[in-house]
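> Quick one: the structure is below, questions incoming.
Every read-out reported here was derived from the displayed coordinates using simple, explicitly stated rules and does not represent laboratory data. Just so it is clear, the structure is predicted and the values come from calculations on it, not from any experiment. All Cβ positions, glycine included, derive from the backbone under ideal geometry; neighbour counts span all protein chains shown.
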Amino acid sequence: MYVAVKGGEAAITSAHELLAEARRGDPAEPELSLAQIGGQLTLAVDRVMTEGSVYDRELAALAIKQARGDLVEAVFLLRAYRTTLPRLVASLPLDTSAMLVRRRISAVFKDLPGGQVLGPTFDYTHRLLDFDLARPDGQRPPANEPEPPATTDDQPVAPMARVADILGREGLLQPETEADPCAEVGDITRDPLTYPAGRDVRLQSLARADEGFLLALGYSTQRGFGKNHPFAGEIRMGEVEVQIVPEELGFAVSIGSLTLTECEMVNQFKGGKSLPPQFTRGYGLSFGESERKAMSMALVDRALRCRELGESPGAPAQDEEFVLSHADSVEASGFVQHLKLPHYVDFQAELVMVRDMRRKFESRETSGEENGSERETALRG
Amino acid sequence: MSAAARALPVPDAGPLLCARGLTKSFGAQPALEGVSFDLWPGEVLGVVGESGSGKTTLLNILATHLAPDAGRVSYDWPERGLVDVHALAEAEKRRLLRSHWGFVHQNPRDGLRMNVSAGANVGEKLMALGLRHYGKLRARAEEWLGKVEIGPERLDDLPATYSGGMQQRLQIARNLVTEPRLVFMDEPTGGLDVSVQARLLDLLRKLVAELGLAVVIVTHDLAVARLLADRLMVMRCGRVVESGLTDQVLDDPHHPYTQLLVSSILQA
Amino acid sequence: MEASVRLRCEADLTGLAGYNFAYLDEQTKRMIRRALLKAVAIPGYQVPFASREMPLPYGWGTGGIQVTASIIGPEDTLKVIDQGADDTTNAVSIRRFFARTAGVATTEDTEAASIIQTRHRVPETRLREDQILVYQVPQPEPLRLMEPRESETRTMHALEEYGSMYVKLYEDVTRHGRIATAYSYPVRVEGRYVMSPSPIPKFDNPKLTKAPMLQLFGAGREKRIYAVPPYTEVRSLDFEDYPFSVEGWDEPCALCGATDTYLDEIVTDDHGGRMFVCSDSNHCARRRAAAGEEA
């Protein structure tokens, strides 16, 4: 006699054991330390912090280790941890113009005060596999290109004026609306997102959004699906101080600093009935050195401002509900992968119906053919 | 007053458009079976029937948006005589659609560029035909907005800022600016409220008469058909069940289906 | 000249073992050269080609690099500019790439170059019949603005349906009283194909027409090659009553005093200070050198 399948609990326990084994890999190799991940897989850590929306390199490194390097899974782990944290205080808005800049480039001016600072970038590397890196540190031949002169590490860099402010002074760039000091900034982790969304919660969603999704959407605007003529006005990366005003003190104190990447896209805008021709902007901000993310975010932010700027929406990247509802990797990954859960009750219902419909189709097919030949005869006659 | 009361244009040559044995099915579902008719220059042909009767399929085949499974649509191309429009090369087909014909969609958004001004919408076909003078383009656009009763102050506005009725009139202007000989209309008054419909119908009647346009208009609304059409074709299940002069068909319907249609709708 | 000698030595030292001359294998080069021949035969027509993965990212000049790699020989002298200048980072990177992979001579001197690869500018110096100008093209399709779908734009080109391009110009004049396209200004080649001149400022458009040099355009990501053969007519689209015109500056170049060149705006402080200098750094340097000799 058939006995229904049972034993889920034992199966799950075994799966977890296998997972732990697979994560550890060959026990003959030394285990990865969090310091190694945090110090050498820095961009993976940055991405996980950004999308996990927790600025903590050690936790992000742990999440990456635990997730076997699956960054979307690591983001998930970090988010699930974040949600348990108390929210103690809201910081003052960050002043990115006071950033201690390690990288700063502008594509719209050849030169500007503070100069173009390349910093640690892949940009002008030739993507040729460097087989020397396959060998451990000590056994590598010395690099034949001269080391670039040291920059920011030992010399403090004066705060650099932001390109947006330089353009803004001439009125060429649409000013960001002054924040209403009394208005609460929305928080998508406390309140559900509703549409139309304000720019505050929209930017929050984009900051947490999956990099790949934003990259593809940003790319689509460049290729004509919601074109808005972007220029990289400025991309800057470096350290920014976080300040809070404790209630008992009544003045601002610094509680530390964050590494951030900020991108301001400058977009062509022809003006409208009530607006003069000027440039508008899209804004992107990410933790660490997540530059691709910050740029994609800025493109999509600008695309989503289409209604506010009187452009007629139509492209996927301009559809706020489409973008914001599908941008979160934790939500998307969860729902796509939920298809692995048993669905056999629903499937059974479908089976019954499709079988029934096929029977009807087949019987109509047989009688339909006869009708057809009758019709032909009639036409010929 | 009915459309039939105005003087019918006298055809001096042959018909403008001939449909013969048009048949189309979608999968196992027949949509059109052996439809034939002639359309004469300056004539307005109404195609009526309920949804699913095949009238929209017919229109799409006539306008070359769809190819028939069997049958043929011929058009009297000046200096070339009757040509099989479905056999034309893509370039010629587009030329036909651009300069000889027009197509008015039920939803004006399908027939307009919503992200450019009304003036550019009206001027586009002229630009496609080679007009390269901004001042002249603008003047023609303004003239045509006037003909469809849209004030010159709206020339530079986006169609999105127009009401539904205005959008439809703009679409008509965009189609008529190249003075086509034949215009297809798919429920041009559908989706508009009654007072707006009446104004649009009046306007269409006037323009059709002024320009001597031939029109094939598809509608489920017999009142629209009575006002605009010289001749009617009643369709049901992909076949023409009755046709004739509009007043004749509506006042003295012969086919039981037409009788049903008339009695159910036209008791005003 | 000195610069080219130095760069050649550098190349010899760092030559790239394990790769073919100029990186691409000869089969690929032949494929690209066939596409180039077709492009020259049909001026302004975008020829699809099997663009390769390159060791530089898409959008950074992979199309131009593939074209250059396919036409360059050991005797050639290469100049690479970006924004008109030889010392911009991406130009330096691409020049180094060819110095490394082909070991060819490189130069900053426009007159000394046999191949000039460029992004966003046409040199101010008039080029000759024995020179080839290779443009890097991010988006080859000029109709993309009005129509995002490739299947449709290819049909529009095939049928010469260019009305929608004028819709864009019409809107510009309506909104701004002039044609408000400042770069990537579309042109019509030999009265047939509408073509994007790549994102050069429209200031450079007049340099394309009836020009002695061969002009090749490569778009790597979009996998298209097109060309303007020598002495081909290239017309910027416009209206009869709003003819094409180019931008000008109120002041001359702050370095060489030129009044007929394209100028870059340099922000000198954050209190609104700025100066204007030639974007074509080689042209500017030569003018200054000539002025120095005279003085």
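> Could you give the size of the charge dipole of region B:112-179 about its Cα centre, using +1 on the Cβ of each K and R and -1 on the Cβ of each D and E, expressed in debye and rounded to the nearest 20?
Working: 10 positive and 8 negative charges, 46 e Å.
Its charge dipole is roughly 220 debye.
> Among the aspartates and glutamates, which fall within straight-line cross-link reach of A:LYS360, defined as a Cα-Cα distance under 18 Å, with same-chain neighbours fewer than 8 residues apart omitted?
Correct list for A:LYS360: A:GLU350, A:GLU369, A:GLU370.
> So, one more: Restricting to DSSP loop positions (anything but H, G, I, E, B) with no more than 14 other Cβ atoms inside 10 Å of their own Cβ, which chymotrypsin sites (Phe, Trp or Tyr not before Pro) remain in region C:171-245?
Passing both the DSSP loop test and the Cβ count: C:TYR231.
> Highest mean first, how do C:260-269, B:139-148 rank when packing is the count of other Cβ atoms within 10 Å averaged over residues?
Result, highest mean first: B:139-148, C:260-269.
> Moving on. Can you pull the mean other chain C-beta count within 10 Å for peptide C:255-263?
Mean shielding by partner chains, rounded to a whole number: 0.
> Output the antiparallel fraction of DSSP beta bridges having both residues in chain B, as a percent to the nearest 5. Please list the in-between numbers first.
On the way: 22 of 40 bridges.
Of the beta bridges lying entirely in chain B, close to 55 percent run antiparallel.
> Answer with one residue from B:LEU203, B:ALA120, B:LEU228: the one whose Cα lies farthest towards the positive end of the charge dipole of chain B, charges on Cβ with Lys, Arg +1 and Asp, Glu -1.
Selected residue: B:ALA120.
> Shielding of C:28-41 by partners, i.e. mean partner chain Cβ atoms within 10 Å per residue?
0
> For the protein assembly as shown, what is the charge dipole size about the Cα centre, in debye to the nearest 20, if Lys and Arg each add +1 at the Cβ and Asp and Glu each add -1 at the Cβ? Write down the numbers at each step before the final one.
Details: 106 positive and 133 negative charges, 506 e Å.
That gives a dipole near 2440 debye.
> How much mean residue ellipticity at 222 nm does chain B get from its helices, if each DSSP H run of length 4 or more adds -39500 (n - 2.57) and you divide by all residues, to the nearest 500 deg cm²/dmol? Display every interim value, and only then the final one.
Numbers: 10 runs with 97 residues, N = 268.
The per-residue figure over chain B is -10500 deg cm²/dmol.
> Right, something else. To make sure I understand, if each residue's beta carbon is the centre and we count other beta carbons within 10 Å, what order do A:MET353, C:MET165 fall in, fewest to most?
Listed from fewest to most nearby Cβ atoms, that is A:MET353, C:MET165.
> Can you classify region C:52-93 as rounded, prolate or oblate using the Cα gyration tensor, where a ≥ b ≥ c are the square roots of its eigenvalues, rounded means a/c under 1.5, and otherwise it's prolate if a/b beats b/c and oblate if not?
Here region C:52-93 falls in the oblate category.
> Under 1.5 on a/c is rounded, so check that first for region A:9-82, then, if it is not, pick prolate when a/b is larger than b/c and oblate when it is not; a ≥ b ≥ c are the square roots of the alpha carbon gyration tensor eigenvalues.
Because a/c hits 1.5 or more and a/b fails to exceed b/c, region A:9-82 counts as oblate.
> Compare the Cα positions of C:PHE98, A:VAL108, A:THR42 along the charge dipole of the protein assembly as shown (+1 at Cβ of Lys, Arg; -1 at Cβ of Asp, Glu; about the Cα centre) and return the one farthest towards the positive end.
Ranked along the dipole, the leading option is C:PHE98.
> Also, I was wondering about something else. Using r as the Cβ-Cβ distance of B:HIS255 and A:ALA183, and R0 as 45 Å, what FRET efficiency do you calculate, to the nearest 0.05?
Efficiency for this residue pair is about 0.10.
> How high is the relative contact order of region B:106-251, given as a whole-number percent (alpha carbon pairs under 8 Å, six or more residues apart)? Write down the numbers at each step before the final one.
Working: 171 pairs, mean separation 31.4, N = 146.
Rounded, it is 21 percent for region B:106-251.
> Follow-up. For the protein assembly as shown, what does the alpha-carbon gyration tensor say about shape, rounded, prolate or oblate, given a ≥ b ≥ c as the root eigenvalues, a/c under 1.5 as rounded, and a/b over b/c as prolate?
Prolate, because a/c is 1.5 or more and a/b exceeds b/c.
> Hey, another quick one. Other chains' Cβ within 10 Å of A:167-175 residues: what's the mean?
On the way: counts 1, 0, 3, 2, 0, 0, 0, 0, 0.
Mean number of neighbouring Cβ atoms from other chains: 1.
> What's the exposure ranking of C:TYR19, B:TYR75, C:TYR45, going from fewest to most Cβ atoms within 10 Å? It would help to have the intermediate numbers written out before the result.
Working: C:TYR19 15, B:TYR75 23, C:TYR45 19.
The fewest-first ordering by Cβ neighbours comes to C:TYR19, C:TYR45, B:TYR75.
> Sort C:LEU24, B:LEU260, A:LEU258 by Cβ crowding within 10 Å, fewest neighbours at the top.
So the residues, fewest neighbours to most, are B:LEU260, A:LEU258, C:LEU24.
> To continue, here is another question. Just going by the charge dipole of region A:163-281, with Lys and Arg at +1 and Asp and Glu at -1 on Cβ, which of A:GLN268, A:ILE166, A:ALA252 is farthest out on the positive end?
Sorting the options by dipole projection puts first A:GLN268.
> By average Cβ neighbour count within 10 Å, what is the ranking of A:96-106, C:79-89 from highest down?
Those peptides, ordered most packed to least, come out C:79-89, A:96-106.
> Which entries of B:LYS136/C:LYS168; B:LYS125/C:LYS168; A:LYS110/A:LYS293; A:LYS227/B:LYS93 show an alpha-carbon separation above 21 angstrom in the structure shown?
The answer is A:LYS110/A:LYS293; A:LYS227/B:LYS93.
> Related question: Report, ordered by chain and residue number, the lysines lying within cross-link reach of C:LYS38, taken as a straight Cα distance under 27 Å and ignoring same-chain residues fewer than 8 apart.
C:LYS29, C:LYS79, C:LYS202, C:LYS207, C:LYS210, C:LYS223
> State to the nearest 20 debye the size of the charge dipole of region B:89-232 about its Cα centre, where the only charges are +1 on K and R beta carbons and -1 on D and E beta carbons.
Around 460 debye, computed over region B:89-232.
> Follow-up question, since we're still on this one. Quick one: which of A:290-298, A:28-36, A:336-344 comes out on top by average Cβ neighbours within 10 Å, and what's the full order, highest first?
For the peptides A:290-298, A:28-36, A:336-344, the packing ranking is A:290-298, A:28-36, A:336-344.
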